[in-house]
Amino acid sequence: MPEPSGNSHDAADISVDVLIVGAGFSGICMGIKLLEAGVKNFLIIEKSEDLGGTWYENRYPGCACDVPAHLYSFSFDRNPNWTRMFAGQQEIWQYLKSCVERYGLGPYLRFKTRFCEAAWDEAAGHWRIATSHVSRDNGNFSKTVRIRARVLISGMGALHVPHYPEIPGIERFCGPSFHSAAWPSEVDLGAKTVAVIGTGASAIQFIPHIAPRAGKLYIFQRTPPWIVPRLDFGIPEKWRERFRRMPGLTWIIRKFLFFALEWRVLSFLGDRVVRGHVEKIARNHLESSVSDPRLRAALTPRYQIGCKRILLSDDFYPAFRRRNVELVTDRIAEIRERSVVTQDSVERPVDVLIYGTGFHVTEQFIGMKLFGRGGLEIHDAWRNGLSAYLGVSVSGFPNFFILLGPNTGLGHNSVVLMIEAQVRYVIKCLRLMRERNIGAMEVRAESQQHFAANLRDHMARTVWQSGGCRSWYQDTHTGENTALWPGSVIDYMRKMRSVAASEYVLRPAPPTG
Ligand code: NAP
């Protein structure tokens, strides 16, 4: 099989051992670990023109991670140079770029290549994948590139397809409008009337940054989020110098941060004492930041803390002290050419409309097709909700692994830990296939069902199901949480430590030649 030819865009038909879709944290981690395992015939395709995934695409002002950088990074590539406790988008993106360089992953990346469709070829024992390649001339995806791969790995993550609200008239708006994940490089907000729809993790980060620039800022809130102090701070150069000199220090910090965050899972799993403690922190934060009782009441959540993602911010509440910032809690009834109308019939003129309305999280493979064994399409396999054994393997789809798949997101700790556990697991699967000369490896339907039933049992006791809210964690049809892992990271890592071959159907490789 030919070695992947880097970013030469001429190849029309490529054959690789492993195809990874997505060059974000997951895809990059997978690529690094494949190289370490001696697998060199692989390719990472990425629809954008650069690597980084969510940390490349989300470039709104104030975009940063709400997990401390020393933990939101690879355990095998600790960075002594983080300049802030909570790193910003640029710094995280640069970190990922430097990882790619350090581990020599560049030649394996193929940008502007969108995964469209894949079908498992049972007889040949490989995936036939159709991708479309962006044309340089008009920016549209046009040229089809076909790829054959023995193993297909999705590193697409869940936060990459922007969700726009279904509000009547949304298409009529004439002024500039954009989603937080598609922030234009140049947008003039100076003295303009700006409307932001949504008060989720992204919106509360960019609102404090645009408030001083806008003439008037309307914030349309549907559900107030629970917010705790962020307590961000710059890491002084003398500390960074110490980290460089004594790498063990970053290991200690990482361990400390891990355990400091890990206990918070108890509040999601039903521990009322821990939940009460976190809620008290959030209430005190709101009370000390907002003195107007009416505004405070409007910003107070009416569901149990943790039911939706708990947000971190020191500057969102203070933004309301500005005279040009107004919170609107009436539901939006309609969007017109130059205004937003709420259900109380108030029409507010608007120049710029910004959607902070999140992503399609529980509808993975949106706009794509994946045909497994016997032509089973993944959307059909998932018609009753997303499900994957250990979050990585799906019955009916041999030699296919998902990174950050169903029920492996986190609300309390660094998701990079989950990615690493999954990547180690996939490497073990590949090793098992090689050692036993396996051509196809597919999780048994009963193993997946047993895992899913267990997961549902655990989920039933969590605040996500009983906390009195509707969140993006939940499947839009069934209401079940298909996004988060209902346990600790330690528990998940333990489950991922080894591959139970008995949970898989292993088919021998066809004779070569
Ligand atoms: P989000 O948390 O899903 O928030 C979407 C917001 O839009 C919510 O306030 C939602 O209100 C509102 N909304 C949706 N549809 C609406 C409608 N039709 N009318 C009015 N309001 C509507 O999305 P996000 O802020 O983009 O964040 C998504 C996820 O990205 C986060 O939870 C997090 O996992 C990730 N993220 C992470 C970081 C980080 O630092 N690690 C930073 C940013 C984002 P309701 O609550 O009523 O639905």
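The numbers here are math on the coordinates, done by the rules we state, and not lab data. The shown structure was predicted, so the numbers you read here are calculated from the model rather than taken from an experiment. A quick note on method: Cβ atoms are made from the backbone with ideal geometry, for glycine too, and the neighbour counts reach across all protein chains shown.
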Item to check | Cα-based radius of gyration of the stretch 253-350 once divided by 2.2 N^0.38 Å, which approximates compact folds | outcome: 1.43
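I need the peptides 215-223, 369-377 ranked by packing, meaning the mean over residues of other C-beta atoms within 10 angstrom, with the highest value on top. Please report the intermediate quantities before stating the final value.
Values: 215-223: 19.2, 369-377: 16.1.
Per-residue Cβ counts within 10 Å, averaged per peptide and sorted highest first, yield 215-223, 369-377.
Placing +1 at every Lys and Arg Cβ and -1 at every Asp and Glu Cβ, with all other atoms neutral, what dipole size does the chain have around its Cα centre, in debye to the nearest 20? Before the final figure, lay out each step's value.
Numbers: 63 positive and 50 negative charges, 241 e Å.
Around 1160 debye, computed over the chain.
Can you pull the percent of Cα pairs in the stretch 206-310 with separation above 22 Å?
Details: 2849 of 5460 pairs.
The calculated P(r) of the stretch 206-310 puts 52 percent of pairs beyond 22 Å.
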Next on the checklist: Using only the alpha-carbon atoms, how far is helix 415-435 inclined from the longest principal axis of the chain? Give it as 0 to 90 degrees, nearest 10.
Outcome noted: 10 degrees
Checklist entry - Lone cysteines in the chain, going by a 4.7 Å Cβ-Cβ cut-off? => result Cys29, Cys63, Cys65, Cys99, Cys116, Cys174, Cys429
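Over all directions, average the projected area of the Cα convex hull of the stretch 375-513 and note it in nm².
On the way: hull surface 36.5 nm².
Directional mean of the projected Cα hull area for the stretch 375-513 stands at 9.1 nm².
Taking 2.2 N^0.38 Å as the expected size of a compact globular protein, what ratio does the Cα radius of gyration of the stretch 146-264 give against it, to two decimals?
Details: Rg = 21.1 Å, N = 119, 2.2 N^0.38 = 13.5 Å.
Normalised by 2.2 N^0.38 Å, the Cα Rg of the stretch 146-264 equals 1.56.
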Checklist entry - In degrees, nearest 10, range 0 to 90: what is the angle between the Cα axis of helix 25-36 and the longest Cα principal axis of the chain? => result 30 degrees
Checklist entry - Can you list the residues, at least 5 places off or on another chain, whose amide H is less than 5 Å from the amide H of Ser15, using H built in the peptide plane? => result Arg148
Checklist entry - What is the helix-to-structure angle for 201-210, meaning the angle in degrees between its Cα long axis and the longest Cα principal axis of the chain, kept from 0 to 90 and rounded to the nearest 10? => result 50 degrees
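At 1.567 mPa s and 4 °C, plugging the Kirkwood radius over alpha-carbon pairs of the chain into Stokes-Einstein gives what diffusion coefficient in µm²/s? Write out the running numbers ahead of the final one.
Working: Rh = 24.3 Å.
Stokes-Einstein gives a translational diffusion coefficient of 53 µm²/s.
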Checklist outcome for this item: Per the C-alpha gyration tensor (a ≥ b ≥ c, the square roots of its eigenvalues), the stretch 42-117 is rounded if a/c is under 1.5, else prolate if a/b beats b/c, else oblate; here it's oblate
Item to check | Radius of gyration and Dmax over the Cα atoms of the stretch 276-403, both given in Å | outcome: 21.9, 62
Checklist outcome for this item: Rounded to one decimal in nm, the spacing of the 7 Å Cα→Cβ label points at Leu376 and Arg507 is 1.2 nm
Checklist entry - What percent does the relative contact order of the chain come to when contacts are Cα pairs within less than 8 Å and at least six residues apart? => result 19 percent
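Return Cys116, Cys174 ranked ascending by Cβ neighbour count within 10 Å, so the fewest neighbours appear first. Walk me through the numbers on the way to the answer.
Working: Cys116 15, Cys174 10.
Ordered by Cβ neighbours within 10 Å, fewest first: Cys174, Cys116.
Can you sort Glu49, Glu347, Glu363 by how many other beta carbons sit within 10 Å, fewest first? Could the numbers behind the result be given before it?
Details: Glu49 10, Glu347 13, Glu363 18.
Listed from fewest to most nearby Cβ atoms, that is Glu49, Glu347, Glu363.
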Item to check | Antiparallel DSSP beta bridges within the stretch 170-355, as percent of all bridges there, nearest 5 | outcome: 30 percent
Next on the checklist: Debye calculation, C-alpha points only, no solvent: report log10 I(q)/I(0) for the stretch 170-355 at q = 0.08, 0.13, 0.16, 0.17 Å⁻¹, in the same order as the q values.
Outcome noted: -0.35, -0.81, -1.05, -1.12
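Using the per-residue mean of other Cβ atoms lying within 10 Å as a proxy for protection, in what order, highest first, do the peptides 387-396, 498-507, 94-103 fall?
Averaged packing, sorted descending, gives the order 387-396, 94-103, 498-507.
So what's the convex hull volume per residue for the Cα atoms of the stretch 115-197, in Å³?
Values: hull volume 14.1 nm³, N = 83.
Hull volume normalised by residue count: 170 Å³.
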Item to check | Amide H contacts of Val350 (H built 1.01 Å from N, under 5 Å, at least 5 apart or other chain) | outcome: Ser339, Val340
Checklist entry - To the nearest whole percent, what portion of all C-alpha pairs in the stretch 369-413 is separated by more than 11 angstrom? => result 67 percent
Checklist outcome for this item: Percent antiparallel among DSSP beta bridges confined to the chain, nearest 5, equals 45 percent
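Give the order of His209, His70, His412, His477 when sorted by the count of other beta carbons within 10 angstrom, beginning with the fewest. Let's see the in-between values first.
On the way: His209 15, His70 25, His412 21, His477 11.
Final ranking by Cβ density, sparse to dense: His477, His209, His412, His70.
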